[in-house]
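Okay, so here's the structure we're looking at.
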């Protein structure tokens, strides 16, 4: 039978696999196993677990039991968790002896991908964990940004912007993981080139409670004022701004056109080798 996917569109990323010599795969069934037989997932992408959230889930399990089975794979006489870490932790905390599971024949790649996609699709990861999840899929298994965006229902630009957060200083990423600054704050900070200035703006966000719009205004006001040029020297034509916008939409990345009289140059940003190859493919006439 057709392999069950964990969440919307997962089959588009992880194709069906048949590990036995049988012409088809048997339907996966829910079984109950001893909680002590389940080992944590070594590929778990989530770095931080909110104890308050687990406490709430434990209360729900105490009242209604574990409604959704965990996804596991066999490891000798035990089982290794693939998806359902929070349910597993909450059940263990309550001392639940048996827990429902679905046993799947999965290799390391499947285990990692399933864990990553489950967390991403459930919106349970903070922006930095999500960025690391995307990067894992790209680096370890050559999954493209286009494929990630297709499976998750996100735009390719949204995936690229999330990956760009990994360019921020470690301290800034940590504040984002703690929830003290938002994804939108982080995206605005990427417009600041100096890492020390980025750290300073983060302190302003936290101490002054700056909104994203206030942060953008502060960043803009802190930039050196451009030297005034004589009329006709370096003025941007309206058509140039329009062409920049059109190129940015076509290439799904930041584009800058510098024009002087009849000459000039075009600057196109890319954020990884895979992103560069994608842009070149678009320019050559291929698909995005």
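Details
- With R₀ set to 30 Å, the beta-carbon distance separating residue 74 from residue 51 gives a calculated FRET efficiency near 0.50.
- Put in line by how crowded their Cβ is, counting other Cβ atoms within 10 Å and starting with the fewest, 162, 144 read 144, 162.
- Restricting the calculation to Cα atoms, region 168-222 yields a radius of gyration followed by a Dmax of 9.7, 28 Å.
- Förster radius 41 Å - calculated FRET efficiency between residue 207 and residue 94 (Cβ-Cβ, nearest 0.05): 0.55
- Relative contact order (%) - criterion: Cα under 8 Å, at least six apart; region: region 168-222: 37 percent
- Using only alpha-carbon positions in region 238-283, the gyration tensor eigenvalues give semi-axes of 21, 11, 8 Å once each is multiplied by 5 and square-rooted (largest first).
- Taking every alpha-carbon pair under 8 Å whose residues sit at least 6 apart, region 238-283 reaches a relative contact order of 28 percent.
- Mean Cβ count within 10 Å, highest first, over the residues of peptides 202-209, 85-92, 136-143: 85-92, 136-143, 202-209
- For the pair residue 263 and residue 239 in one chain, pulling the backbone fully straight at 0.36 nm per residue adds 7.2 nm over the alpha carbon distance.
- Stokes-Einstein translational diffusion, region 57-211 - Kirkwood Rh over all Cα pairs, 1.306 mPa s, 10 °C, in µm²/s: 89 µm²/s
- Taking only alpha carbon atoms, region 128-186 gives an Rg to Rh ratio of 0.99, where Rh is the Kirkwood radius.
- Packing-based order for 68-80, 272-284, using average beta carbon neighbours within 10 Å, highest first: 68-80, 272-284
Read-outs: derived from the displayed coordinates by stated rules, not from any lab. Quick caveat: nothing in here was measured; it's all calculated off a predicted structure. Note that each Cβ is placed from the backbone with ideal geometry, even for glycine, and that neighbours are counted across all protein chains shown.
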